[in-house]
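Asker: Starting off with a structure, shown below.
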Amino acid sequence: MAKQPQQDPDGTRLPIKLDSTSNGEFMPIPLDAIHHHANRLALANADRNARRRGVDRRSFLVSACGAASTLLAFNSAYAASGERGGYFELDPEAALDPELAAAGVEGKEFIFDVQGHFVNPTGAWTEKLPEDARPLSGMPNASCAEGEGPGRAYLDCFNSEQFVQDVFMDSDTDLMVLSFVPSRADSEPLTIEEAAATAEIVERMQGSHRLLLHGRVNPNQPGDLDAMDQLAEHWGVSAWKTYTQWGPEGKGFWLDDEDTGIPFLEKARALGVKIVAIHKGLPFGPDSYEHSTCADIGRAARLYPDISFLVYHSGYVAGVSEGPYDPNREDGIDALVTSLRDNGIGPNSNVFAELGSTWRFLMRDPDSAAHSLGKLLSYVGEDNVLWGTDSIWYGSPQDQIQAFRSFQITDRLQQMYGYPKMTAALRAKVFGLNALKPYGQQVADLLPGFGLDRVAALRSDYRAQPDPHFRTYGPRSRREFLNLMRWGA
């Protein structure tokens, strides 16, 4: 007998999450009327298609047909307002035909997510809060059976076991880099010790080492450069993560600044960890705007050709439409392209563009999605665009994976701007193969075990009767965003 689902038994949540959730680094941007129409249409279609398939709506929505039906509804909603630059390339019958649905939204690609997050809900940072503070209590997943109890018991809903469930059971992700958020050294919501403990959970499942760790470094914060030695030698970090627009006194820095950026890059080179992930785009506010742009990326890449520069978010500015390349634009993806061109950094060089939060937001704007992906693949290079999701802020990353598997740039834009066609081979590169270029030496020995370890076996058993929650964790409104910023509720 099939067990009853514990998550959303009435089937009220769509498998592809089109909402206002942010990663906590930018104010949530409300949905437009077209997005509300798309969600309503997707639910109505799920109702009708579930009846035609002879199953309840929840069972339909967790199937490949449910994901295909949702994406096809989005296509219809977007197309109703005129010709679009991109669409989800699915057979119209995929909403009812399991084989056609699987061909569109399922796959066996190697998926290497180079930007994941986990905020330790019981870390030392909670000890600094007022007694009545309720951090994260407004988040969509703050109510669960494990979190029932007084005080801050609900924080157990965000524990590391849930992280493993979201990433490795409810999504096709094979390998993830656990990254960090901008913070002072004495108030990190996830310390390197806690990150290592999270990685060990996968190890206790007798899994391959499926989590790599970043070392957070902000060279404009006292002590961070000195701490790099321990991060490299004791913790074995795979790369450095920095926020050029962040600083303890509110002032950011450039990667080629003589007193901050250059010493940081020199030390990275000396320690032999020559991958630097830089948060660019998604500015935190007016004061951080300048240093959130990509003006310094090309300059730094030219000075340090042996260092791989991973541009997180690809310089994207959430809520601002991306069109064809404009050399006069001073922010967004265009600013990244200009910085590379001005400094002689060609495609497939030592600069990589990462899609965390960027793709998640572009899923609701097929025109910007087509131009953004087209420009990155053309100018940064088809071998240098990297998969990242910024989850767990967006819940399980599976919906981002399914949407990317089926997204296509229209023939019209391909012909007008020279954008590449989104083929299965190209998507496989972005999903994981491209990340082997900077990270390959660190993960080469792990790859053969991913299909054979305990995690793979647990995933296979779970997929027989999956029960994903289809919820997000990040703030969805101004109020939730401000509460998150002060760790209150």
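Asker: Have a look at 466, 475 and point out the one that is in contact with a helix residue (DSSP H, G or I) (Cβ under 7 Å, 6 or more places away or on another chain), in contact (Cβ under 8 Å) with a residue 24 or more places away in the chain and farther than 28 Å from residue 236 by Cα.
Answerer: 475
Asker: Does any residue of region 257-278 turn out to be part of a loop (DSSP other than H, G, I, E, B) and modelled with pLDDT under 90?
Answerer: No.
Asker: Take residue 15 and decide whether it is assigned to a loop (DSSP other than H, G, I, E, B) and in contact with an Asp or Glu (Cβ under 7 Å, 6 or more places away or on another chain).
Answerer: Yes.
Asker: Quick one: how many residues across region 7-20 are among the hydrophobic types (A, V, I, L, M, F, W, C) and either without any contact (Cβ under 8 Å) to a residue 24 or more places away in the chain or more than 14 Å from residue 362 (Cβ to Cβ) (or both)?
Answerer: Within region 7-20, residues that are among the hydrophobic types (A, V, I, L, M, F, W, C) and either without any contact (Cβ under 8 Å) to a residue 24 or more places away in the chain or more than 14 Å from residue 362 (Cβ to Cβ) (or both) number 1.
Asker: Are there any strands (runs of 3 or more DSSP E) wholly within region 155-247 with 3 or more residues that are modelled with pLDDT of 70 or more and farther than 17 Å from residue 396 by Cβ, and if so which?
Answerer: Correct list: 211-216, 239-243.
Here is a yes/no grid of residues against (1) buried (at least 21 other Cβ atoms within 10 Å of the Cβ); (2) touching a Phe, Trp or Tyr at 6+ places or on another chain (Cβ under 6 Å); (3) closer than 22 Å to residue 394 by Cα:
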residue: 55; (1), (2), (3): no, no, no
residue: 67; (1), (2), (3): yes, no, yes
residue: 72; (1), (2), (3): yes, no, yes
residue: 76; (1), (2), (3): no, no, no
residue: 84; (1), (2), (3): no, yes, no
residue: 95; (1), (2), (3): yes, no, no
residue: 100; (1), (2), (3): no, no, no
residue: 103; (1), (2), (3): no, no, no
residue: 114; (1), (2), (3): yes, no, yes
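Asker: Could you tell me which residue of region 345-374 is surrounded by the fewest Cβ atoms within 10 Å (Cβ to Cβ), considering only residues that are farther than 17 Å from residue 21 by Cβ and of a type in the set (D, E, K, R)?
Answerer: Checking each candidate, the answer is 367.
So that you can scan it fast, the table gives a plain yes or no per residue for (1) more than 20 Å from residue 214 (Cβ to Cβ); (2) modelled with pLDDT of 95 or more; (3) of a type in the set (Lys, Arg):
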site	(1), (2), (3)
408	yes, yes, no
422	yes, yes, no
440	no, no, no
443	no, no, no
449	yes, no, no
452	yes, no, no
457	yes, no, no
464	yes, no, no
473	no, no, no
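Asker: Give the residues of region 77-113 that are more than 21 Å from residue 417 (Cβ to Cβ) and under 20 Å from the mean Cα position of the chain (by Cα), sorted by residue number.
Answerer: 105, 106, 107, 108, 109, 110, 111, 112, 113
Asker: Search region 286-332 for residues being at pLDDT below 95 and in a helix (DSSP H, G or I), and hand back the single one that is surrounded by the fewest Cβ atoms within 10 Å (Cβ to Cβ).
Answerer: Among them, the one singled out is 286.
Asker: Could you list, in sequence order, all residues of region 341-382 that are assigned to a loop (DSSP other than H, G, I, E, B), in contact with a helix residue (DSSP H, G or I) (Cβ under 8 Å, 6 or more places away or on another chain) and within 21 Å of residue 410 (Cα to Cα)?
Answerer: 355, 363, 364, 382
Asker: With the condition kept exactly as written, say whether any residue in region 428-436 is surrounded by fewer than 14 Cβ atoms within 10 Å (Cβ to Cβ) and part of a helix (DSSP H, G or I).
Answerer: The answer is no, given that none of the residues of region 428-436 is surrounded by fewer than 14 Cβ atoms within 10 Å (Cβ to Cβ) and part of a helix (DSSP H, G or I).
Asker: Got at least one residue in region 21-33 being in contact (Cβ under 8 Å) with a residue 12 or more places away in the chain and not in a loop (DSSP other than H, G, I, E, B)?
Answerer: Among the residues of region 21-33, not one is in contact (Cβ under 8 Å) with a residue 12 or more places away in the chain and not in a loop (DSSP other than H, G, I, E, B), which makes the answer no.
Asker: For region 348-370, which positions are under 27 Å from residue 402 (Cα atoms), of a type outside the set (A, V, I, L, M, F, W, C) and touching a Phe, Trp or Tyr at 6+ places or on another chain (Cβ under 8 Å)?
Answerer: Across region 348-370, the qualifying residues are 354, 356, 357, 358, 360, 366.
Asker: Okay, next question. So if I check each of 403, 425, which one is under 29 Å from residue 301 (Cα atoms) and either of a type in the set (A, V, I, L, M, F, W, C) or out of contact with any Leu (no Cβ under 6 Å at 6 or more places or on another chain) (or both)?
Answerer: Going through 403, 425 in turn, just one is under 29 Å from residue 301 (Cα atoms) and either of a type in the set (A, V, I, L, M, F, W, C) or out of contact with any Leu (no Cβ under 6 Å at 6 or more places or on another chain) (or both): 425.
Asker: Are any residues in region 67-108 without any contact (Cβ under 8 Å) to a residue 60 or more places away in the chain and among the hydroxyl-bearing types (Ser, Thr, Tyr), and if so, which ones?
Answerer: Passing the criteria: 69, 70, 76, 81.
Asker: Also, I was wondering about something else. Keeping to region 46-76, report how many residues are within 16 Å of residue 406 (Cβ to Cβ) and not hydrophobic (A, V, I, L, M, F, W, C).
Answerer: 6
The values are calculated or read from the model by the stated rules, or taken from the named source; none is laboratory data. Computed from a predicted model, the values in this text were never measured in an experiment. Methodologically, a virtual Cβ is constructed for each residue, glycine included, from the backbone with ideal geometry; neighbour enumeration extends over all protein chains shown.
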